[in-house]
Amino acid sequence: MKYNPLNYTAAIKTKKINLASILITLACYYDNLVSKASDLKMDYESIYTEIMRLKGEVFEKPLLERFFKLVGIYPPGSLLELTTGEIALTVRVNPDIRRPIAEILTDGSKNRLEQPKMADLSEIDSLTKSFKYNISRTTNPKELSVDIIPQKYK
């Protein structure tokens, strides 16, 4: 990582680059992109692509890979619309960073399920040999007409 006195590493009050300052810079950069995402209609996949564009130039590839293994591309708390029309909430990161563990909250018509169901988005259908669930896009709770987030996640 290149040191820039105007970046977040300056907040640590050190001129030495260390693992903590690098991780803080990466986390702050990521958080900044996520904050802007709703205004720019940017999704998590685009945020991932934007950060990975800096691989080798600003951030070391192994560090970026480790960061996304911890956070995932769709971090916990992300609302996802599946190709079936169902809305799911990411609850855990998966080894496949593009396919989190999620709780499906609505049916395909966006009706809230009485009993949300857990789904591993990396699960393969035994008949079709393709993924059971596919992400269509990330969504914002404000886009939905009702509050679908279960109380346990608030």
- Task: Report yes if Val71 is touching a residue at least 40 places away in the same chain (Cβ under 8 Å) and under 13 Å from the mean Cα position of the chain (by Cα), otherwise no.
- Result: yes
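If I ask for residues that are touching a residue at least 24 places away in the same chain (Cβ under 8 Å), of a type outside the set (Gly, Ala, Ser) and closer than 21 Å to Lys69 by Cβ, which ones from region 119-142 would you list? Explain how you work it out, then say what you get.
Of all residues in region 119-142, those touching a residue at least 24 places away in the same chain (Cβ under 8 Å) come to 119-122, 131, 133-141.
Imposing the further condition that a residue be of a type outside the set (Gly, Ala, Ser) reduces the set to 120-121, 131, 133-135, 137-141.
Those that are touching a residue at least 24 places away in the same chain (Cβ under 8 Å), of a type outside the set (Gly, Ala, Ser) and closer than 21 Å to Lys69 by Cβ: Asp120, Leu121, Phe131, Tyr133, Ile135, Thr138.
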- Which of (1) within 21 Å of Asp96 (Cα to Cα); (2) modelled with pLDDT of 85 or more does Val34 not meet, given it meets every other one? (2)
- Task: May I ask you to list the residues in region 108-134 that are touching a Leu at 6+ places or on another chain (Cβ under 6 Å) and over 19 Å from Lys152 (Cβ atoms)?
- Result: Tyr133
- Which condition number in (1) without any contact (Cβ under 8 Å) to a residue 24 or more places away in the chain; (2) under 17 Å from Lys154 (Cβ atoms) is the one that Ile101 fails? (2)
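The values are calculated or read from the model by the stated rules, or taken from the named source; none is laboratory data. Quantities reported herein were computed from a predicted structural model and do not represent experimental measurements. Cβ atoms come from the backbone with ideal geometry, glycine included; neighbour counts cover every protein chain shown.
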